[in-house]
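The values are calculated or read from the model by the stated rules, or taken from the named source; none is laboratory data. Here the structure is a predicted model, which means the values were calculated and not measured. Neighbour counts run over all protein chains shown; Cβ positions are idealised from the backbone, glycine included. Just so you know, the surface numbers come from the protein's heavy atoms only, side chains and all, with ligands and any DNA or RNA stripped out. Shrake-Rupley method; radii C 1.70, N 1.55, O 1.52, S 1.80 Å.
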Amino acid sequence: MQIEQFSYDNKTVKWFAFATMLWGIVGMLVGLWIAIAMYYPPLNLGFAPTTFGRMRPVHTNAVIFAFVGNGIFMGVYYSLQRLCKARMFSDLLSKIHFWGWQLIILSAALTLWTGHTTGKEYAELEWPIDIAITLVWVVFGINMFGTILKRRESHLYVAIWFYIATWVTVAMLHIVNSFELPVSILKSYSWYAGVQDALVQWWYGHNAVAFFLTTPYLGLMYYFLPKAANRPVYSYRLSIIHFWALIFMYIWAGPHHLLYTALPDWAQSLGVVFSVMLIAPSWGGMLNGLFTLRGAWDKVREEPVLKFLVVAITCYGMATFEGPMLSLKSVNAIAHFSDWIIAHVHVGALGWNGFLTFGVLYWLIPRMYNTQLYSKKLAGTHFWIGTIGIILYAIPMYWAGFTQSMMWKQFTEEGQLKFQFLETVTHIIPMYVSRSIGGTLYLTGALIMVYNLYKTMAAGSFVANEEAEAAPLPKVIPVHGKEHWHRWVEKRPVQMLVFSFIAVAIGGILEMVPTFLIKSNIPTISSVKPYTPLELQGRDIYVREGCYTCHSQMIRPFRDEVARYGEYSKAGEFVYDHPFQWGSKRTGPDLAREGGKYPDSWHFNHMMDPQSMSPGSIMPSYPWLYENNIDTSSTPAKIRAMQTLGVPYEEGYANKANADLMNQANGIRVSLKMEKLETAKDKEIVALIAYLQRLGKDIKGEQTAQK
Amino acid sequence: MKFINYLESIAGVSIYGLGSLLIFSVLFLGILVWTFKADKKLIEEISRIPLDNNNPTHS
């Protein structure tokens, strides 16, 4: 058969590698910054873009979509070409993909810093960027499928399955979760409200972890681990089962983020069962990875790439053991809303994603530059600093989470809550300090890597197009062993995968349908009324400033939470919440029933200088709210948008809304004035106070509340 | 225009949850069977694709 000559495109891989390093460092720096701001609030700088609530989404988005995202593309563009024995389908699409993704990252950073956010964790980007992501993702898909179709290798190696699953599922998640109604060029409201919004969001959120942070990286593991160890994976059969079991189960696990919330019980239980089952395939995958190195541990000691991969795979095992545990209701009752989750996430992010990325970088760069790694010793140093960094990060956070959660739950003998909320915060400050030391070490390690790789590149010469040769696919695929029905599948891998994923998509959506449907899932509470225009504007400020990154609005039905915050939250209370703001972390107290707890003047002073009202508070101050005017020009459009989404404002209310807004604002101004606090009625702080004073009031003292 | 209204009109919706669970289980079992019945030589050949020398006889 005629052997064909062709070349692999290393240039795109190189660019993605550079972007991975750059955004990795940026993302970690922002993370370190806010880690310090947690115990040293002046670092918020009294400047909106640098406050915790805005920096935290920048950090998470940078690390997930910029660092890991570029890492995925780097690894996929390298391995897919070699696994298919074909150059990427189109150099132009590769280019569009690369630059498109970087533009998205830039605009994401800019909009998040300037407070343009949907307020849904890990999906904060506003609608124009959502559309751009969809387009770039499609470009990536065409490029990938095009390459698969023109491959010179008849079999699709399991890594490619992981890539395809990633592509299809992320596309589906992104589109479903991004249903939003634009109000202006950079503002939209989630199409869903309250419980439904929460369900969709965490179905997305969990599967984003599964299909953005896990499956593509497993694909990379199944390619780069055998490569680096120069031996096939321990059990290829196990890898296939690993793949299908993950795809099959992950889709159902999302509700474990919403245990004890107002989400219907059946959905919670389904989430728990599937989450617990997930441990089997995850550990199968981990063992498959580690067993690949059996009898080669001497190599691991020598080779930095393998060291990083071993720790990465171990962390994958730890995180996927812990995940199912955290889904158990009794464990979740303690861990949820606490720093425990932060620890869990960082074992995954720093250990699994970070170390795997480092391993791949150390492996790729010398090869693409046709040289040796500049210094194995420095790589070894990076490895140790990074590992110690992870430990110093994770252990204090576990400790902090557990301790604080226990303190929340303690009662005195007289049946009073033993600790004020703030006491439980100041108690764990030392843990926060240690966490930031761990983060500093980890970042230092990453910088050492960048230096090491820079020196490597300087010493080598880049091979932009790597020559290769292979025979084209035969028209008739040779029979292996005895004739078998799997031959049908063999010949049609793409069709088979597409069909399977249609099934996955249907399954995922159907899981949610019942929640949307059964009216009794969300008992309506007649006293729950839409927000007033002023409250709505205040709520948008709450979303803009990212208060949800520190405050929950979801009182779980536990004795301590009811004692601390009031009557537990009901599904029917959130029917007008586009988007929901339940939050996932209680750095500050729950605000679901904040309304009426303090006078307006308390909030006025507290938002200006939290330490003045709550000595020792770590909440940032918000001085600009006292200068910015409420954007009343947006009120009619916002009301109309809410009407479109089904919020029952009376016909034509949009045009009267601002009059009501001014009226209510004036009331607050007067109440402040009585406490000798001066403000104009059209300042943003007034709207925010109105919103805070409304929270949870609808059913305060209501005995008729259902469920 | 409210989102849930579109779905409310689907009759007997509870069957969907059960149905999709079934689709998944059948799919997954099928794959398990396939994986274990697949030819050993084929599996070994595929598992060597990432390696530069992917001909098992030369290893």
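Once the Cα-Cα distance is subtracted from the 0.36 nm per residue extended length, the A:Lys150 to A:Gln2 segment shows a gain of 51.7 nm. Our Cα-only numbers for region A:343-432 put the radius of gyration and Dmax at 20.7, 73 Å.
Fraction of C-alpha pairs exceeding 12 angstrom in region A:327-373: 69 percent, rounded to a whole number. Taking the DSSP beta bridges with both ends in the protein assembly as shown, the antiparallel portion is around 90 percent. Taken about its Cα centre, chain A carries a charge dipole of roughly 1740 debye when the Cβ of each Lys and Arg holds +1 and the Cβ of each Asp and Glu holds -1. Using a probe of 1.4 angstrom and keeping all protein chains present, the accessible surface of region A:248-386 works out to 33 square angstrom per residue. For the pair A:Val498 and A:Asp91, label points projected 7 Å from Cα toward Cβ lie 2.9 nm apart. When you restrict to C-alpha pairs under 8 Å that are six or more residues apart and normalise by the size of chain A, the relative contact order lands at 17 percent. Between the residues A:Asn44, A:Leu361, A:Ser527, the greatest Cα displacement towards the positive end of the dipole of the protein assembly as shown, with unit charges on the Cβ of Lys, Arg, Asp and Glu, is found for A:Leu361. Other residues with beta-carbon under 9 Å from the beta-carbon of B:Pro50 carry, at +1 per Lys or Arg and -1 per Asp or Glu, a net charge of +2.
Bridgeable lysines around A:Lys683 (alpha carbons under 21 Å apart, same-chain partners fewer than 8 residues away excluded): A:Lys187, A:Lys638, A:Lys656, A:Lys673. The residues of region A:189-204 occluded by other protein chains by 50 Å² or more of accessible area, set against the chain on its own, are A:Trp191; surface from heavy atoms, 1.4 Å probe. The contact between chain A and chain B removes approximately 4100 Å² from the accessible area (both sides summed; 1.4 Å probe; ligands, DNA and RNA excluded).
Under 5 Å between amide hydrogens, built in the peptide plane, is the criterion, and for A:Lys683 it picks out A:Ile630 among residues at least 5 positions away or on other chains. Over the C-alpha trace of region A:559-707, radius of gyration and Dmax come out as 16.7, 48 angstrom. Applying 1/(1 + (r/R0)^6) with R0 = 41 Å to the Cβ-Cβ distance of A:Lys673 and A:Ala637 gives a FRET efficiency near 0.85. With the gyration tensor restricted to C-alpha atoms of the protein assembly as shown, the semi-axes of the equivalent ellipsoid amount to 47, 29, 24 Å, longest first. Heavy-atom surface analysis with a 1.4 Å probe gives the protein assembly as shown a carbon and sulfur content of 65 percent of its accessible area. One chain, two ends: A:Met277 and A:Ile395. Fully extended at 0.36 nm per residue, the span grows by 39.9 nm beyond their Cα-Cα distance. Applying the Karplus relation 6.51 cos²θ - 1.76 cosθ + 1.60 with θ = phi - 60° to region A:332-342 yields 3J(HN,Hα) values of 4, 4, 8, 6, 4, 6, 10, 5, 3, 5, 4 Hz, where x marks Gly and Pro. For A:Glu180, the residues whose amide H sits under 5 Å from its own are A:Trp191, ignoring neighbours fewer than 5 places away on the same chain, with H placed 1.01 Å from N.
Looking at region A:580-665, none of the chymotrypsin sites (Phe, Trp or Tyr not before Pro) sits in a DSSP loop with at most 11 other Cβ atoms within 10 Å of its own Cβ. Taking the longest Cα principal axis of chain A as reference, the axis of helix A:279-292 is set at about 40 degrees.
Here the translational diffusion coefficient of region A:50-165 follows from Stokes-Einstein with Rh set to the Kirkwood radius across Cα pairs; for 37 °C and 0.692 mPa s it amounts to 215 µm²/s. Considering only A:Ser633, A:Pro620, A:Gly583, the residue lying farthest towards the positive end of the dipole of region A:576-707 is A:Gly583, judged by Cα position with unit charges set on Cβ.
Across peptide A:81-90, the average count of Cβ atoms from other chains found within 10 Å of a residue's Cβ is 1.
How charged is the neighbourhood of A:Asp560? Take every other residue with its Cβ under 10 Å from the Cβ of A:Asp560, and add Lys/Arg as +1 and Asp/Glu as -1. Net charge around A:Asp560: +4. Quick one: grab the alpha carbon gyration tensor of region A:65-104, order the square roots of its eigenvalues as a ≥ b ≥ c, and give me rounded if a/c is under 1.5, else prolate or oblate depending on whether a/b is larger than b/c. Note, shape of region A:65-104 comes out oblate. Taking the average, over residues, of other Cβ atoms within 10 Å as the packing measure, peptides A:79-89, A:170-180 rank A:79-89, A:170-180 from highest down. What the phi angles of region A:61-66 give under the Karplus curve with 6.51, -1.76 and 1.60, with θ = phi - 60°, is a coupling list of 5, 5, 5, 6, 8, 8 Hz, glycine and proline written as x.
The lysines within cross-link reach of A:Lys85, meaning a Cα-to-Cα straight distance under 24 Å and a gap of 8 or more places when in the same chain, are A:Lys11, A:Lys14, A:Lys95, A:Lys150, A:Lys227, A:Lys475, A:Lys491, B:Lys40, B:Lys41. For region A:680-695, 3J(HN,Hα) computed residue by residue from phi via the Karplus equation (6.51, -1.76, 1.60; θ = phi - 60°) reads 6, 6, 9, 8, 4, 4, 5, 5, 5, 4, 4, 5, 4, 6, 8, 3 Hz, glycine and proline entered as x. Taking each residue as 0.36 nm, the span from A:Lys376 to A:Glu302 lengthens on full extension beyond its C-alpha to C-alpha distance by 25.8 nm.
In the context of the full set of protein chains, residues of region A:533-706 present 38 Å² of accessible surface per residue (probe radius 1.4 Å, heavy atoms only).
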